[in-house]
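Below is one structure, written out as structure tokens; the observations come after it.
The values are calculated or read from the model by the stated rules, or taken from the named source; none is laboratory data. Keep in mind the model is a prediction, meaning the values are calculated, not measured. Cβ placement follows ideal geometry from the backbone for every residue including glycine, while neighbour counts extend to all protein chains displayed. Ligands, DNA and RNA are stripped out before the accessible areas are found, and what is left, the full protein with its side chains, is counted by its heavy atoms. Shrake-Rupley method; radii C 1.70, N 1.55, O 1.52, S 1.80 Å.
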Amino acid sequence: RGAARSMVGGLPTDCVHWLTSLGVVDRIGEEYRSDSTNYSLLRRVQCYRLFRVLGIDDFLEAAMRAISPCSGVVGARLKRLPTIVRKLDRQPDMKLSRMADLIGLRVVCQSVDEANAVVSRLEASPWFLRKLDYCDSPRDTGYRSRHVIFRSHQPAPASAGPLRVDFEIQVRTYY
């Protein structure tokens, strides 16, 4: 068994240094994009993901209030590291700090009307940033969903102030 790690604000102490600014986070993303086999870079991306997880409680509470009348299924997921690399490669202008779907919720509603109602409630949130509509403009694969993006600010242990963080909720029907 390994030795216990020291913690700062819920983060391992080795993570604190990499969460001082969004510029540092974005440089980590750029370096990881170019060398996804480097363990040190992998650890830094993991630190950023952990930071994002630690700050999600308030966002989840607000999101669940908006979703709660929905009779569908709500699920959450943390984007896997290989998927982060693929997204960074696929979208060369993507910054790690702007990757809203690092942590995502998916709401699968019973009907299109119910999905539209959930999206409307989510858009009324003070954290609402923008909506990506893949129902009106489906992807080439046939994928249809609405992605509602939220922006919040989260205190970082080594930062002079809070860091901006974006979250995504996908709203769709089963079919």
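Values as computed for the structure displayed
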{"quantity": "Antiparallel bridges, percent of DSSP beta bridges restricted to the chain (to nearest 5)", "calculated": "80 percent"}
{"quantity": "Accessible solvent surface per residue of the chain, calculated while the other protein chains remain in place, 1.4 angstrom probe, Å²", "calculated": "55 Å²"}
{"quantity": "Neighbour count of at most 11 Cβ within 10 Å plus DSSP loop: longest trypsin sites (Lys or Arg not before Pro)-free window in the chain", "calculated": "6-79"}
{"quantity": "The chain: Cys lacking any partner C-beta under 4.7 angstrom", "calculated": "70, 109, 135"}
{"quantity": "Protein accessible area in the chain, 1.4 Å probe - carbon and sulfur %", "calculated": "51 percent"}
{"quantity": "Geometric extent, Cα atoms of region 16-116 - Rg, Dmax (angstrom)", "calculated": "15.9, 47"}
{"quantity": "Dimensionless Rg/Rh of the chain - Kirkwood Rh, Rg from C-alpha atoms", "calculated": "1.00"}
